[in-house]
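Written below as structure tokens is the structure these notes are about.
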Amino acid sequence: MIVLGIETSCDETAAAVVNGSREILSNVVLSQLDEHRAYGGVVPEIASRAHVQHLDGIIDRAMREADTRYADLSGIAATAGPGLIGGVMVGLVTGKAIAASTGRPLVAVNHLEGHALSARLTDGIEFPYLLLLLSGGHCQLVEVADVGTYRRLGTTIDDAVGEAFDKTAKMLGLGYPGGPAVERAAREGDPARFDLPRPLRGRPGCDFSFSGLKTAVRHAVAGLTDRVPRAKDAADLAASFQTAVGDVLADRTANALKTYAERHAHARRLVVAGGVAANGYLRERIEAVCAATDFSMSAPPPELCTDNAAMIAWAGLERLRFGLTDPLDAPARARWPLDEVCPPACRRPAGSMNTDGEDSP
Ligand code: KG4
Ligand code: ZN
């Protein structure tokens, strides 16, 4: 099987081609950094226009680098949500147009499912596993039982973890994109200088909260002598913030691992995914929790943690194997929780015909 993936749900315009042997034949990502930098964050209208401007060229490049013809494709997978609705519409309608003109099936992919299944593409991880999804819009612990079968153990009750990184970067004058800038600054900083809160740490359950931490960073900035962080202040605050996030993630993940292990004694696997999973310090903290509880941890390489179309193509391919395709009037969705991706009723039995007319593996 060979699938073309299209991703436009935020500020990356991306196209990729992957095959059923877990080979990434091409993976083209255009980050719209320059378009949004002046505004200190992603401007939805500018993002949509940039997707319109660049997507055709990005798809063309992905197909050429993969040395693949449209006639060779088993399907076209496009992100159908959740995300910035204008951008999602651009990618989805482009995917529909390619599907209509080539006669190949469309798979309308949930962006979170793309992140959730990405470690199966990069590391061949088997079901079931526990997923820690850390992105710009989400922070969740999810049991992944199979394609389309997800059960949420916990989620953030306010901000997403990536949002906390981005807002902290803005307050510290570190610019955009925020997450990598905070990680870089934190390397030079003293994590013990600022005493920041660890929301929900020590409490039962697997939910997260980051808004109190964000507010504490704002108060710390306001408390600096001249109220503008100098390089040393910014580094110390970035390190203190990142350490607090690490403490929270370690605590909540430990609770989830315990709950998960009670139900799945023989599948002690944690997958970490989403843009914030590119953070080396946080990966180490989570790996330490896994090691202490006899879990193995997998995380895609950093460039496949942040938004990309290879994960969308792969999620599409996994769904195609079950014959799960979508009609050309599939809607674009701003909101689309992972546990609503595929109710069991829409599921066809394994071994049913896929859209190529071959037996599914
Ligand atoms: O998964 P993603 O690329 O897009 C969404 O689906 O949201 O995640 C983007 C988020 C942004 O908040 C970005 O600041 C954060 O991931 N991020 C990081 C790092 N790289 C990206 N956060 C912390 N450390 C990083 N190295
Ligand atoms: Zn994402």
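The values are calculated or read from the model by the stated rules, or taken from the named source; none is laboratory data. Nothing here was measured: the structure is a model prediction, and the numbers come from that model. Glycine also receives a Cβ, built like all others from the backbone with ideal geometry; neighbour counts cover every protein chain displayed. Note: accessible area is taken over every heavy atom of the protein model, side chains too, but ligands, DNA and RNA are not part of it. Shrake-Rupley method; radii C 1.70, N 1.55, O 1.52, S 1.80 Å.
Worth a mention:
- Centre separation in Å (Cα based) which lies between region 127-142 and region 37-53: 26
- Acute angle (nearest 10 degrees) that the helix 85-102 long axis makes with the longest principal axis of the chain, alpha-carbon atoms: 20
- For K167, the lysines whose Cα falls under 23 Å of its own Cα, not counting residues fewer than eight places away in the same chain, are K214, K232.
- Divided by 2.2 N^0.38 Å, where N counts the residues, the Cα radius of gyration of region 81-143 comes to 1.36.
- Length gained when the stretch D294-E65 is fully extended (0.36 nm per residue, less Cα-Cα span): 78.3 nm
- Ellipticity at 222 nm from helices only: DSSP H runs of n ≥ 4 in the chain, each -39500 (n - 2.57), divided by the residue count, give -13500 deg cm²/dmol.
- For the chain, the longest principal axis of the alpha carbon atoms and the long axis of helix 211-222 meet at an angle near 50°.
- With the Kirkwood sum run over all distinct C-alpha pairs, region 128-299 has a hydrodynamic radius of 16.2 Å.
- Stretched out straight at 0.36 nm per residue, the stretch from L224 to H264 would grow longer than its current Cα-Cα span by 9.5 nm.
- Magnitude of the charge dipole, the chain, Cβ model with Lys/Arg +1 and Asp/Glu -1, debye to 20: 680
- When the chain is reduced to its Cα atoms, the Kirkwood hydrodynamic radius in Å: 20.8
- Only alpha carbons enter this Debye calculation for region 193-276, each as an equal point scatterer, and the log10 of I(q)/I(0) it gives at q = 0.15, 0.20, 0.21 Å⁻¹ is -0.65, -0.93, -0.98.
- Put a dot 7 Å past the Cα of Q53, heading toward its Cβ, do the same for D72, and the two dots end up 3.2 nm apart.
- Stretching D123 away from A38 to a fully extended chain increases their span by 26.8 nm, per 0.36 nm per residue minus the current alpha-carbon distance.
- Take every DSSP beta bridge whose two residues both sit in the chain; close to 60 percent of them are antiparallel.
- In region 80-192, Rg over Rh equals 1.06, where Rg is the alpha-carbon radius of gyration and Rh the Kirkwood radius from pairwise Cα distances.
- Alpha-carbon geometry of region 271-323: the Rg and the Dmax are 13.5, 40 Å, given in that order.
- Of the GluC sites (Glu not before Pro) found in region 85-159, those that fall in a DSSP loop while having at most 10 other beta-carbon atoms within 10 Å are E126.
- Checking every one of the trypsin sites (Lys or Arg not before Pro) in region 204-299 against DSSP loop status and a limit of 10 other Cβ atoms within 10 Å picks out R227.
- Trypsin sites (Lys or Arg not before Pro) restricted to DSSP loop in region 1-69 with at most 14 other C-beta within 10 Å: R22, R69
- Unit charges at the beta carbon, dipole of the chain: most positive-side option, C139, P191, G316: P191
- A cut-off under 10 angstrom between Cβ atoms defines the neighbours of P177, and their net charge, with Lys, Arg +1 and Asp, Glu -1, is -1.
- Accessible surface, per residue, of the chain when the full set of protein chains is kept, probe 1.4 Å, Å²: 41
- For region 97-211, size of Cβ-based charge dipole, Lys and Arg +1, Asp and Glu -1, in debye: 100
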